[in-house]
Every structure is written in C-alpha cells, then in structure tokens.
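Single-structure report; data block below.
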Amino acid sequence: MFGIAEPSLDDRRSREVERKLAAVRGLLGSRELPAVALRCTDAVAWVTGGLTNRIEPGNPASAAWVVVTPKAAHVATTNVELPRLMAEGGLDGFELHGVDWYEPGGLARLAEQVAGAPAARIGGLGIDVDEELVELRLSLDPAEQARLAALSVDAAAALEGAVREWVPGELDIEIQARVAAALERVGAFGACLIVGGDDRVERFRHPLAAARPVHRLLMAVVVAERHGLHAAATRFAIARPLSDSVRAARRAAADAERAVLDASRPSATYGDALLALADGYANAGHAGEWRNHYQGGPIGYRQREFEIVPSQVDSRWFTAPIAVGTALAWNPSVAGGGKCEDTYLVEEDSLRRLTDTADWPLEEGRPAVLDLVSGGAA
C-alpha cells in the first residue's frame with residue numbers, strides 16, 4: 001500500500017512541498033508547458049515529501065499521479081486508493097481526484113482534464129522531462145537529508161546485524177531473510193538484497209541467494225527504501241582466514257573507491273569523479289575494470305538517479321557539478337571478491353558516510369571485513 005508520508009511533518013513538510021512545487025513550476029515556465037504529470041514512484045515521493053507505493057514494491061509506476069499546473073497541484077488515483085489517501089495520505093495542498101480502476105487510460109485522461117491540454121503537450125506524458133526532474137531533486141534539502149541519514153543507519157544496522165548473526169554453514173536465504181525482516185520492522189524494505197558466500201562471491205558480481213550454505217566468506221548487499229529515499233551498503237565477513245586473492249581484490253576495489261570519493265567534492269563534476277575512478281582502477285593494476293560492473297553514483301529517489309561511465313563524455317551528467325546536499329553511493333568492484341559501497345552525503349568541505357552504525361570494524365576509516373571469530377577487522 002501507499003506508505004503514509006512522513007508523520008509529524010506538519011508545517012515543515014508543507015514548506016518542503018511548496019519549494020518542490022515551485023521548482024516544478026519553474027520547469028513549466030522554462031519548457032513552456034501547461035502541466036507536468038509525475039507518474040513514477042520516484043518523482044511522486046519527491047514532490048509529496050515521501051508518499052510511496054507499497055502495493056507493488058519496486059514497481060516504478062505509481063498508483064497515484066501528481067499533476068502540477070501553474071496554479072494547482074492535483075493527485076490522481078483510482079477509486080480503490082482514493083478514500084485512504086483522502087484520510088491518511090497527508091496531502092494537504094493537493095486536490096485529490098479518483099478514476100475507476102478498470103478504465104484504461106483513466107489517469108491520463110484526468111491529467112489532460114486538469115491540465116486543460118492534450119497529453120502530447122504535457123511534460124511526463126507527451127514530452128520527456130525525466131532528466132530535468134532528476135536534476136531538480138539531486139541536491140537534497142535538510143529535511144530529506146535527515147530522512148536519508150536515519151534510513152542509512154537503519155539499513156546498515158539491518159545488514160550488519162544479519163551478518164554478525166551468521167553461523168557458518170547457514171543458508172544464504174536465512175541471512176537474507178534477517179536483513180529483510182529488520183528493514184520491515186523499521187518501515188523500510190529491500191529494493192535490492194544480495195547475499196552470497198564462499199566461491200560464488202569470488203566468481204560472480206551478483207551472487208544472489210540460492211539456498212546454499214555459507215561456510216567461510218559472506219557478502220551481503222542492501223539498497224533499502226523508505227519514504228521514497230534509498231540507501232546502499234555492502235558488508236563482508238569471514239569465518240576462516242581471508243584468502244590472498246580475495247584480500248588483493250578487496251584492496252584494489254578500496255583503492256578505486258578512495259580515488260572516486262576523494263574526487264567527489266563540491267565544484268567537481270561527475271566526469272571528474274569518474275575519471276578519478278578509472279585512474280584508481282588503473283593504479284591498482286585493474287585498468288578498465290569499471291567495464292565489468294555497475295559503478296554507482298548519485299542515490300536518492302532512485303537506487304541510481306543516473307549512471308554513466310568514464311567514457312560517456314557526451315552525457316549531460318558528465319559536466320554536471322556535484323552539489324552540496326547530494327547523496328552518493330559509488331560501487332567499485334574487482335573480480336575475485338572485491339567490492340565497496342556505502343552511502344555518503346556531500347557537505348561543504350567533506351563527505352559524510354551515512355551508512356555508519358559506529359559498530360563495525362574499520363580499515364583506513366572505511367568498513368572492513370568482519371572476522372566472525374574475533375569480532376574485529378580481518
């Protein structure tokens with residue numbers, strides 16, 4: 001079902017929503033559009049301050065659309081969802097409308113009606129405005145930063161708690177179930193959950209849980225979602241000595257991560273960060289390794305608000321500056337069991353790791369491999 005927008009927001013949430021609606025109306029003016037229809041869960045969660053679609057977790061299509069015109073903001077949904085949204089949605093400032101759930105194209109016709117224009121002229125229907133909407137939400141405002149920080153700690157705690165409870169020989173699906181349950185208890189869910197062990201971690205970038213026992217090496221990955229925001233983290237643990245090959249792969253991935261994090265500063269561009277990432281791989285002896293796995297980037301209302309690679313110099317994002325308030329989750333990896341990922345917030349003069357429980361061993365300031373026997377860094 002739709003999650004209720006963050007409780008206790010009141011005036012603060014109203015101001016947040018007003019700022020976002022003003023930003024969308026700025027887009028209307030710059031593109032000379034009569035309206036914009038926000039139809040996906042990412043954009044709907046952003047503009048409403050956290051309304052999310054839990055009817056089908058992970059489905060990008062929202063069961064409620066937000067249609068913004070120069071003078072009004074409308075929420076269009078089905079007659080199934082309308083009564084609850086009116087009672088519990090916290091949508092003050094929006095005009096709510098319902099259409100029969102069984103009418104094909106009903107939401108689009110309603111959008112045309114409130115916009116007073118055909119779909120071909122409406123942003124998000126006939127005119128693509130996706131990149132402009134991503135650009136509007138990349139830099140999170142203080143309320144969003146606080147929500148993301150809380151989610152990040154909860155996500156890391158769920159992941160780390162499940163890993164710490166690993167008993168060698170336990171099935172990967174049991175470990176994954178603990179992560180999922182811990183997330184659900186704090187009102188979040190795993191938009192992405194990957195738990196695998198032993199040789200599968202060394203062979204595959206995505207060793208998805210397969211009801212196999214994990215004896216010596218465990219990798220657990222989460223992207224958690226709550227109120228539309230996402231937080232990502234990866235953790236490793238061992239029950240036997242870490243092999244030289246896995247240690248070398250992890251060291252190389254950490255070198256690449258260090259390079260991209262050092263380059264992810266305000267006034268730098270995403271291109272600067274990606275080129276630093278490529279250099280980090282090369283300096284670690286793995287030139288071009290970025291070609292073999294998703295490298296991550298800005299995170300927020302999507303797991304990846306956008307994703308580009310060092311060779312895509314013509315992308316609009318390559319020259320886009322990294323702004324204060326942006327959340328980043330770079331994801332460098334090296335074949336053989338090397339992977340690093342955490343969620344960071346770009347601040348004026350530093351990056352702050354949000355997925356930090358203060359209860360996990362560190363190596364050079366970043367999460368280390370947990371030695372299950374000693375409880376410290378491997």
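The values are calculated or read from the model by the stated rules, or taken from the named source; none is laboratory data. From a predicted model like this one, the values you see are computed outputs, not experimental measurements. Every residue, glycine among them, receives a Cβ derived from its backbone with ideal geometry; neighbour counts consider all protein chains shown. In case anyone asks, the SASA skips ligands and DNA or RNA and just uses the protein heavy atoms, side chains included. Shrake-Rupley method; radii C 1.70, N 1.55, O 1.52, S 1.80 Å.
What the table shows:
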item	result
Cβ-based net charge around Leu372, under 14 Å, with every Lys or Arg adding one and every Asp or Glu removing one	-1
Point-to-point label distance, Ile55-Asn292, nm (Cα→Cβ direction, 7 Å offset)	4.3
Where only alpha carbons of segment 1-114 are counted, the Rg and the Dmax (Å)	13.3, 37
Net length gained if the chain between Asp349 and Ser14 were fully extended (0.36 nm per residue, minus Cα distance)	117.6 nm
Computed lengthening from Asp262 to Ala87, 0.36 nm per intervening residue step minus Cα-Cα distance	58.3 nm
Taking the chain and dividing mean pair separation by its residue count, relative contact order in percent (alpha carbons under 8 Å, at least six apart)	14
Label-to-label distance, nm, for residues given as Ile173 and Ser374 (7 Å Cα→Cβ offset)	3.5
Cα gyration tensor, segment 306-367 - rounded (a/c under 1.5), prolate or oblate	oblate
Residues listed by number, segment 23-38, amide nitrogen under 11 Å from Arg121 label point at 7 Å toward C-beta	33-35
The chain, accessible area per residue, ligands and nucleic acids excluded (1.4 Å, Å²)	42
Segment 225-350, accessible surface, carbon-and-sulfur percent (1.4 angstrom probe)	49
Nearest 10 degrees, 0 to 90: helix 142-164 Cα axis against the chain principal axis	40
Total charge dipole magnitude, segment 121-279, about the Cα centre, Cβ charges on Lys, Arg, Asp, Glu only, Debye to nearest 20	580
Theoretical gain in end-to-end length, Asp199 to Arg366 [0.36 nm per residue, Cα-Cα removed]	57.7 nm
Positive-pole candidate from Ser62, Val17, Leu27, dipole of segment 11-93, charges at beta carbon	Leu27
Among Ala273, Ala320, Ala368, residue whose mean-square fluctuation peaks in a GNM of the chain (springs only between Cα atoms under 10 Å)	Ala320
Listed residues Asp279, Asp154, Asp349, most fluctuating in the chain (Gaussian network, C-alpha, under 10 Å)	Asp349
Whole-Å semi-axes of segment 191-236's equivalent ellipsoid (Cα gyration tensor)	23, 9, 8
Calculated Rg and Dmax of segment 195-273 using C-alpha coordinates, Å	15.7, 47
20 Å reach of a label modelled at Glu95, 7 Å along Cα-to-Cβ, counting backbone N of segment 15-38	17-29, 33-38
Shape parameters for segment 242-378, alpha-carbon atoms, Rg then Dmax in Å	14.9, 49
Value of Rg to Rh for the chain (Rh from inverse mean 1/r over Cα pairs, i.e. Kirkwood)	1.00
Max mean-square fluctuation residue, GNM over the chain, Cα-Cα springs under 10 Å, options Gly89, Gly106, Gly49	Gly106
R0 of 41 Å, Cβ-Cβ distance Arg185-Ala72: FRET efficiency to nearest 0.05	0.60
